[in-house]
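The structure under discussion appears below in the form of structure tokens.
The values are calculated or read from the model by the stated rules, or taken from the named source; none is laboratory data. Since the model is a prediction, treat every value here as computed from it, not as a measurement. Here the Cβ positions follow ideal geometry from the backbone for every residue, glycine too, while neighbour counts run over all protein chains shown. Surface accessibility is based on the protein's heavy atoms, side chains included, excluding ligands, DNA and RNA. Shrake-Rupley method; radii C 1.70, N 1.55, O 1.52, S 1.80 Å.
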Amino acid sequence: MGVPKFRAKQIFRQLHIKRVFDFSDMTELSKQFQAELKERFYINLPKIEKRLDSCADDTVKYLYRLSDGACIETVRMVYHHGVTACISTQVGCKMGCKFCASAPLGFVRNLTPSEMLGQIYGTDADFPPEQQISGIVLMGIGEPLDNYENVMQFLRLISCKEGRNLSLRHIALSTCGLVPMIGRLAEEQLPLTLSVSLHAADNETRNALMPVNRRYPLEELLSACGDYFRKTGRRITFEYAVIAGENDSAAAAKQLGKRLRPVFPNQRPHVNLIPVNPVAGTGFQAGHAEAFRNLLAQEGVNATVRRTLGEDIKVACGQLRRDTVEETEESVVSTIEGVSGL
Ligand code: SAH
């Protein structure tokens, strides 16, 4: 286009700091340049289709509609240390985990980096400047490592010092265990937190819960976790949804300890326990996370039980779907008061 380099910086600042999402409103640029930009590029941001506020806490769930009509969900959670957004990385998911609401609807497509950024910027725009998002978890709909390039580009953009400048230290990426991609991520040497969804201590149970385990069984997964730690010096956290009668026995705790203790030499492994969240049709019931935590403690494994936020608006792990429009209308509007913005 034959324009000086500093223009790129100007546009970047307009987008990522000033949050101007229409070239015509970028008043630093000449009218002619605005028109040229409009002709060649478009700013692809998801639109808020629905906002659901929890009555129990400050959690808010957004249903975003993308430019092709597809929908995804984003959750905004308030903690004492700041505001965290749980964002989606794909429309639907291929991984087919048996306990997850995103799975039965299948996979549609990957999200672009701008559609991931848009979930942050759109949500921030709904709140005053002092309540902006300060942390991100890539734990919404989709498998982030199955959309590797776009997720990496998103991470570069959101953490860019000249833009939103959100530290990667405040970002967690969760994976169901795509072993080769864990290896690739280790090479990037990013200071983010990697979470691995384990949910079982033996291959038989994990095969039944998570089809991905048939491709990358526990031995390979935990060996990749060990390599990741050696390469990056960063400990991995493990996610474990406690499911009554499936993965919460004393034998499971023992086996989990045996498998996890060698992964990080000289460090106690850390497991996040989540009583499995009910998802219609799965038949799974929450196990006793506290009891399982005590069993793990005896095996030398640190575990914390994750607090569930926004239960009334179905924002909990594994409850996000790509087609919530009708479902939210029926189940939420009829059951809770004070739902705003519908
Ligand atoms: N695909 C990624 C991230 C998405 S899900 C992954 O698998 O890690 C975020 C977390 O919620 C994962 O640990 C996932 O296994 C967990 N999860 C899914 N369904 C759940 C449910 N019904 N109850 C509790 N946790 C669930």
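Within the group ASN277, ASN247, ASN302, which residue is closer than 30 Å to GLY183 by Cβ, within 16 Å of the ligand (Cβ to nearest atom) and of a type in the set (S, T, N, Q)?
Working: ASN277 fails: closer than 30 Å to GLY183 by Cβ; ASN302 fails: within 16 Å of the ligand (Cβ to nearest atom).
Of the residues listed, the single one that is closer than 30 Å to GLY183 by Cβ, within 16 Å of the ligand (Cβ to nearest atom) and of a type in the set (S, T, N, Q) is ASN247.
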Q | Residue pairs meeting the criteria (Cβ under 9 Å; at least 6 apart or on separate chains; first without any contact (Cβ under 8 Å) to a residue 24 or more places away in the chain, in the stretch 98-111; second more than 9 Å from the ligand (Cβ to nearest atom) and not in a loop (DSSP other than H, G, I, E, B)) | A | ALA103/GLY92; GLY106/GLY92; PHE107/VAL91; PHE107/GLY92
Q | Any pair with Cβ under 7 angstrom, 6 or more apart, that starts in the stretch 191-216 at a residue that is closer than 19 Å to PRO269 by Cβ and ends at one that is of a type in the set (S, T, N, Q) and in a strand (DSSP E or B) | A | THR193/THR237; SER195/SER174; SER195/THR237; VAL196/THR175; SER197/SER174; SER197/THR175
Q. In the stretch 263-285, how many are in a loop (DSSP other than H, G, I, E, B) and in contact with a Leu (Cβ under 8 Å, 6 or more places away or on another chain)?
A. 2
Q) Which condition breaks for GLU337 when tested against (1) at pLDDT 95 or above; (2) open to solvent by 40 Å² or more (accessible area, probe 1.4 Å); (3) among the acidic types (Asp, Glu)? A) (1)
**Q.** Pairs where the first residue, in the stretch 71-93, is assigned to a loop (DSSP other than H, G, I, E, B) and the second is more than 16 Å from the ligand (Cβ to nearest atom), C-beta under 6 Å, 6+ apart
**A.** none
Q. Counting residues that are more than 21 Å from PRO275 (Cα to Cα) and either at pLDDT below 95 or open to solvent by less than 40 Å² (accessible area, probe 1.4 Å) (or both), which helices (runs of 4 or more DSSP H) fully inside the stretch 193-261 reach at least 3?
A. 218-232
Q. Which one is farthest from the ligand (Cβ to nearest atom), of the residues in the stretch 195-213 that are closer than 30 Å to SER167 by Cα and out of contact with any Ser or Thr (no Cβ under 7 Å at 6 or more places or on another chain)?
A. LEU198
